[in-house]
Amino acid sequence: MKRVAIALGILATVAACGGSTTPTQPTNLQVFTVTLLPSNETPPITNAEQSSSGTAVITIHKDTNAIDFQVSVKGLQADSALTAAHIHNGPAGVPAGVFVGTNLSAANAPALSGGAATFTDTESPGADKVSQILANPSGFYFNVHTKLNGGGVMRGQLQ
């Protein structure tokens, strides 16, 4: 009974303070969670890596103009290898040049385990590029490249 009274007291305090227990995103950060799919590539991937997928969590630090990348991929072939990953300035369905690169390369890519891998990186592309991304996120996409799909194996628009 005492525990119920304590729990009700906590709930009443939370409600009196504004009610929300959902954490809020700091104002200096913009987070994009991007679903990466081979079918989003231009043209869509139809080879042995067509069933792969991934997620990129891209965090932009508005105060420092830094971009953090947390990327995970799965479903790749055992003999595949990651070779690059970038933000490109192009709308859905349109290939475009690299806008912000990551440090990922064939020389430093994580090894695949069961067709899966994760990597992280932080880049500082400058205020101009960060401002452009924040002004029109859907005009940019992130993709990952592999040995088999040098032009990109999976892609997703920032939203």
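Taken together, the values in this text are just the output of simple stated rules run on the coordinates, not laboratory data. Given the structure is predicted, the values throughout are model-derived calculations rather than measurements. In this analysis, Cβ positions are derived from the backbone assuming ideal geometry, glycine residues included, and neighbour counts consider all displayed protein chains.
Things worth noting here:
- Residues Leu112, Leu134, sorted so that the one with the fewest Cβ neighbours within 10 Å comes first: Leu134, Leu112
- The stretch 121-136 - phi-based ³J(HN,Hα) in whole Hz, Karplus 6.51/-1.76/1.60, Gly and Pro as x: 6, 10, 10, 10, x, x, 4, 4, 5, 4, 4, 5, 5, 5, 6, 8
- Remark on His145: its backbone amide H falls under 5 Å from those of Thr83, Ala84, Ala85, Val153, a criterion applied only to residues 5 or more positions apart or on other chains, H modelled at 1.01 Å from N.
- Residues His86, His61, His145, sorted so that the one with the fewest Cβ neighbours within 10 Å comes first: His61, His86, His145
- Relative pair counts by distance (%), Cα atoms of the stretch 70-111, 10 Å bins: 23, 46, 30, 1
- What the Cα atoms of the stretch 25-157 give is an Rg and a Dmax of 14.1, 42 Å.
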